[in-house]
Amino acid sequence: MKIVEATWERRNLGRDAWEVTLEREDMADVEKTLAALHDARFAGAYVCVKMPVGNLKMLHALEDDGFRFLETQLSLMSKFKADDVVGQCANADAQMKFVTVEKSEAAWERVISKIEPEMFDTDRISLDPALGPEIACRRYQNWMRDLFKNPKSELMLLTLDGREIAFNVDIVEGCVRHGMLAGNFPEFKNTGYGMALIAGSLEKHRKVRTMVSSNNPHVLRAHQNCGRVVYREIYVLRKFVPEGGVEKGQK
């Protein structure tokens, strides 16, 4: 079991936050695992648990203990050569192009300011009735500011006739591009341009790794159509622990 104080979430949620990752060996003893999740330091906090898929006994025990299922995170990686699939998914106007944004605070902040609550309507924070789109928006804006500080980060814009359609933030390590965050700007949602965003990264970098939520099946299918396969799946649950500590069945 890996327990991390999620300091990055505290500023978004306005309360202490913890992220707990359960390993396969934690699945063997449900009561022991639940006892560890009743740690006094979690009192009054938002606790996010990530666990391997397939163990419904543990999943149901967590739900009985007050955790709520949010999503399955699907990790994807490039499997097929770009030449084999890019023709199927590069449904883009010839005038479309990718523009790398200058690595300056002002340039990134201009793009960050364009992020609006309705952009991430499949995000687990946005969908959570206890949180919502406004908090999700703030969360993604803060995340981009953190990514800016990473020397290996790169921000790109997909443009068409001078209009900015979508953005994409990656961490580039050698020939591998790790997709961190991407989205269409509100006026271009549900237009199909997201496919061009994915296809473009496939053409530029043959080795891509990224993560998609089960709440976003359209993007998952787009990645799969562009030759990427799922290599890991993780259940994600959350609990708002009362100030007095963890009590079984608390919501």
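Every number here is computed from the coordinates shown, using simple stated rules; none is lab data. Here the structure is a predicted model, which means the values were calculated and not measured. A quick note on method: Cβ atoms are made from the backbone with ideal geometry, for glycine too, and the neighbour counts reach across all protein chains shown.
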Burial order of peptide ranges 101-110, 173-182 (average beta-carbon count within 10 Å, highest first): 173-182, 101-110
By per-residue mean of other Cβ atoms within 10 Å, what is the highest-first order of 220-228, 143-151? 220-228, 143-151
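May I ask you to sort 96, 156 by Cβ crowding, counting other Cβ atoms within 10 Å and putting the fewest first?
Final ranking by Cβ density, sparse to dense: 96, 156.
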Separation between the residue 221 and residue 142 pseudo-spin-labels, each 7 Å from Cα along Cα→Cβ, expressed in nm? 3.4 nm
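Classify region 8-47 from the C-alpha gyration tensor, please: rounded if a/c falls under 1.5, else prolate or oblate depending on whether a/b exceeds b/c.
Note, shape of region 8-47 comes out oblate.
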Give me the distance between the Cα centres of region 19-43 and region 44-76, rounded to whole Å. 11 Å
Through the Karplus equation 6.51 cos²θ - 1.76 cosθ + 1.60, θ set to phi - 60°, convert the phi angles of region 131-136 into ³J(HN,Hα) values in whole Hz; use x for Gly and Pro. 10, x, x, 5, 5, 4
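Could the peptides 48-61, 2-15 be put in order, highest first, of the mean number of other beta-carbon atoms found within 10 Å of their residues?
Going by the mean number of other Cβ atoms within 10 Å, highest first, we get 48-61, 2-15.
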Set the Förster radius R0 to 30 Å, insert the Cβ-Cβ distance between residue 105 and residue 5 as r into 1/(1 + (r/R0)^6), and round the FRET efficiency to 0.05. 0.65
Would you calculate the separation in nanometres between label points at residue 163 and residue 57, each defined as 7 Å from the Cα along the Cα-to-beta-carbon direction? 5.5 nm
Only Lys, Arg, Asp and Glu count, each charged at its Cβ (+1, +1, -1, -1), so figure out the dipole size of region 119-170 about its Cα centre, rounded to 20 debye. 240 debye
